[in-house]
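> I have a structure here, written as structure tokens, and I will follow up with some questions on it.
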Amino acid sequence: MSGIYQVSWSDRVCKGCACIFLLTFCVKLDAQQAAPWPEGAAPASAVAQQATGGVAEQGETTFTWRDHPTLDIGDHLQLDFRARIQADVRRSGFVTADDDLDGVDIARRRVGVAGTIDRVATFEVERELDGNNPWRDVYLNYQQFPVQVQGGRFKLPLSLDENTSATNLDFIYRSRAATQLAPGRDVGVMAHGRHGLVRYDFGIFRGDGDNSRANTTTHVTGMTTRAGRVVIDPFRRSKSAWRDLQVGVAFTTSTVPEGFGDIRGRSALGESFFTPTILVNGARRRIALEQRWRPGPFSVKAEYIRLTNERLGQGMDNGDLPPLESAGWYVSGTWILTGEQKSRGADNPKRPLFQGGYGAIEVGGRIEKLSFWSDGIGQISTSPRAEVILRQSDRAATFGVNWFPNRWTKLQFNLVQEQLLIPSRDMAAQTLQFWSRVLRVQFAL
Amino acid sequence: MNSHGEDTATEKTEMRDALRALRVRRSVVHIFVAILLGLLPQAAVAQTPDDLFDPTTLHDIRIRLNARDLQSLHDRYLENAFYPGEFEWRGASVGNVAVRSRGTGSRNGIKLGLEVEFDRFIGGQRFLGLRGIVLDNLWQDPALLRESVTMALFARLGQPAPRESYARLFINDEYQGLYAIVETIDDQFLSRSFGDPAGYVLEYHWLSEFYGSYPGSRLSAYTPMFEPRTHELESPTTVYSPIERLFYEANRNTDSTWREGVDRYLDVQQFLMHVAIEEFVSELDGITGYAGMNNFYLYRPADNTRQQLIPWDRDNAFQDVQSSVFLRIDDNEILRRLLGYPDLRELYLQMLEACAAAAAGDRWLEREVAWRAALITPAAHADTNKWYSNDDVDRGIALLQSFARDRPAIVLNQIREAR
């Protein structure tokens, strides 16, 4: 597991101290912002001074700090500086030789800058502070016309969960379907916009995204990929609780050259249960359905993603084999116990810690399943040219509690119960059931 | 009378008709049975591993691979990647077997050395009850006989050794050459040879010249040298501690308890017999190999720590008919000290005498070479993928025959001189 390492207790203590320091630092900032006026009673001049650290005048370079440190260079350029650190403590009940599954993991150390140029274009540059592939979003979005055009490296428009920022996830880990089947980021160009109740994204990308891409030369991935997504907010203009409901459909198509496919199955904590040792060749297609509804402090989300990869000419006699099929779905629900509106984000608590409250508390649950198989007539085997691939799946239930002490800090605890269906030595299906628990501390500017 | 005569004639006619009908029915039944027998696959005739490893028969083995996989096997013969295939012998076939390139010095892209695993892609799948076999390409042996004759001598002297037979190998209906079918060393081998399927067996991998010195107390020093073929998932402490102890005891400086300590972790008698056979057949690359110890498996019973050797890969036997029976003995730390004990030295000489007797008795070794040569020579000559020419094959067989004839007397002479 890259990026994961075992640490001694002294290291853990140091990291704990660092987290507490950061927590205290942002709590202090939060407190400074709030005091000494009651909510909504501060004079405008005081707010401006507090936010900018000085008096802002038109055309000048100013530095402000609201949600993020922001630099305004005249009227032409605005830069929002962002940083995020996430540390996980995790314990898996999965019996494996990989000791790295347990322990402390610095999941993300990411910095970035987002901004606006002359009010006609926005951009974002974000990278990890370490790792082999550190660049995340690097794109420019031209928004002068109703149809906006975005180019660079960013996430392909498939899967609601995958396209939710890691800072704002309801659970510590994305759903299995989003993590393993959604494409993730790639370099491309995309047209997007809104027309009435309909939002749309259509793009063309250099590859099939980096989610599934194996770091080996022996595996193959999708080449030029076309992707599209249409989302409808049918009650957008209504005042009812249904106003926030959205449903969408998305697709990708690409061609995968002959070789070992790169789609794999991993459990929530990264245990591999389906390895890419199947030869594929031909079209790779994804189709996804999504739904989200956030009435008041509640939210309900659901997605279904199906990925089909052809295996043309991969039979022993060069005949075609039935395609390799993968499918995943999840249904999740959350409830902010402290009453914040979910659509506005629980990460902005009404009553932060040390300011008359204890922040925002949210509970949630998710059930999901991820499966791989190939239907055909013949012997079930694990051969790269197997006609019939026994269905292998991960069924998981996640229970989570999120605590947002203030705007910048988030503590999450997830309890995950998983049930792996994998082939036994004699090719019968066997079930492995285990629990995992993860605690995440996140600090985000 | 007439009526009686007519009746008799009628009866005869009816009887003839009945007999004819019976014959027709029998013929139909015979034809039906014959068709049935013809249709029945030969697999229906019970075959056993003994039939597959019957050395008196030249077998035909057919493997079917995807054409691109076969090309990849040739191109990437240094990799251990498994390719799916279909395996057929005597009409019995099994699908989804795993085929990979194998070998160290014999590994090449022209005449592939192959390992066939029946249960890699379908857990629990067996062929004649076997989990897998090795198809030895006989690349380094011009006579193509050295290994099978040596293994036969090990077996004749009551030592555990893999069974071997010869086969013409066809891949996608194309003749690949003459191969040896070699029994793999696994739990089934342990069951057959020792009655101990639960025993531990580890394959020795040559990494550098190793003469039995102490690699150290860290078990990680032993894991690359010894690969477990059973108990693969067991803790390294259980698997490797007795090996570490063996080399620790063998390299202790104390004389008083040295033998006792080594005897606890090594079946000394079996070890000396193994070495005696190797020295008798003038093995170049065995325990007293030219580059240190090589080509053996280590077996340990499930219920004690005394380890035994199992021979592997004897393509380099029969090197020099005049070779000393003490060749490179002193290079090996364990052997040097073992043969320092007069009783063990005498035991070693007696074992060599047993080798000579087994080889010379009824001219057994000569006859082994002769009938095996007769069995394989046409297929060996037709093998255009082999490294050596047909003249080399004939010369190699002739050299083996003279070795088989002369070696017992030479060894007995050396034993006399040693005493």
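> Does B:ARG407 fit the bill of being of a type in the set (Lys, Arg), more than 30 Å from B:ASN251 (Cβ to Cβ) and modelled with pLDDT of 95 or more?
Here the answer is yes, as B:ARG407 does meet what is asked.
> Which residues, taken from segment B:111-126, are closer than 12 Å to B:GLY95 by Cα and touching a residue at least 40 places away in the same chain (Cβ under 8 Å)?
Once the filter is applied, which keeps residues that are closer than 12 Å to B:GLY95 by Cα and touching a residue at least 40 places away in the same chain (Cβ under 8 Å), segment B:111-126 yields only B:VAL116.
> Oh, and also: Consider B:VAL275 carefully, then state whether it is β-branched (Val, Ile, Thr), in contact (Cβ under 8 Å) with a residue 24 or more places away in the chain and touching a helix residue (DSSP H, G or I) at 6+ places or on another chain (Cβ under 8 Å).
yes
> Filter segment B:150-200 down to the residues that are small (Gly, Ala, Ser) and farther than 17 Å from B:LEU114 by Cα and list them by number.
If the condition is that a residue be small (Gly, Ala, Ser) and farther than 17 Å from B:LEU114 by Cα, then B:ALA152, B:ALA155, B:GLY158, B:ALA161, B:SER191, B:SER193, B:GLY195, B:ALA198, B:GLY199 are the ones that fit.
> Which of the following residues is crowded, with 16+ Cβ neighbours inside 10 Å and in contact with a Ser or Thr (Cβ under 6 Å, 6 or more places away or on another chain): B:ILE181, B:ILE185, B:ILE171?
Just one listed residue meets the conditions, B:ILE181.
> Here's another thing I want to ask about it. If a residue must be within 14 Å of A:ILE263 (Cβ to Cβ) and polar (S, T, N, Q), how many such residues does segment A:366-389 contain?
Residues that pass the stated criteria total 2.
> Output the helices (runs of 4 or more DSSP H) that fall wholly within segment B:236-330 and possess 2 or more residues being basic (Lys, Arg) and over 25 Å from the mean Cα position of the chain (by Cα), or say none.
Output list reads B:258-265.
Table: residues versus (1) under 23 Å from A:GLY270 (Cβ atoms); (2) among the hydrophobic types (A, V, I, L, M, F, W, C); (3) at pLDDT 95 or above.
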residue	(1), (2), (3)
A:SER332	yes, no, yes
A:GLN379	no, no, no
A:TRP408	no, yes, no
A:GLN412	yes, no, yes
A:VAL416	yes, yes, yes
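> Is there a residue being more than 24 Å from B:GLY396 (Cβ to Cβ), touching a strand residue (DSSP E or B) at 6+ places or on another chain (Cβ under 8 Å) and not in a strand (DSSP E or B) anywhere in segment B:135-151?
Checked segment B:135-151: no residue is more than 24 Å from B:GLY396 (Cβ to Cβ), touching a strand residue (DSSP E or B) at 6+ places or on another chain (Cβ under 8 Å) and not in a strand (DSSP E or B).
> Restricting the search to segment A:300-349, which residues are within 25 Å of the chain's Cα centre (by Cα) and either within 14 Å of chain B (Cβ to nearest Cβ) or assigned to a loop (DSSP other than H, G, I, E, B) (or both)?
Once the filter is applied, which keeps residues that are within 25 Å of the chain's Cα centre (by Cα) and either within 14 Å of chain B (Cβ to nearest Cβ) or assigned to a loop (DSSP other than H, G, I, E, B) (or both), segment A:300-349 yields A:LEU337, A:THR338, A:GLY339, A:GLU340, A:GLN341, A:GLY345, A:ALA346, A:ASP347, A:ASN348, A:PRO349.
> Here is a further query. In contact with a Lys or Arg (Cβ under 6 Å, 6 or more places away or on another chain) and of a type in the set (Ser, Thr, Tyr): does that describe B:THR104?
No: the conditions fail for B:THR104.
> Among the residues in segment A:388-403, are any touching a helix residue (DSSP H, G or I) at 6+ places or on another chain (Cβ under 7 Å), crowded, with 20+ Cβ neighbours inside 10 Å and on the phi < 0 side of the Ramachandran plot?
Looking through segment A:388-403, at least one residue is touching a helix residue (DSSP H, G or I) at 6+ places or on another chain (Cβ under 7 Å), crowded, with 20+ Cβ neighbours inside 10 Å and on the phi < 0 side of the Ramachandran plot.
The values are calculated or read from the model by the stated rules, or taken from the named source; none is laboratory data. Since we're looking at a predicted model, the values are computed, not measured. Quick reminder, even Gly has a Cβ in these numbers, built from the backbone with ideal geometry, and neighbours come from all protein chains shown.
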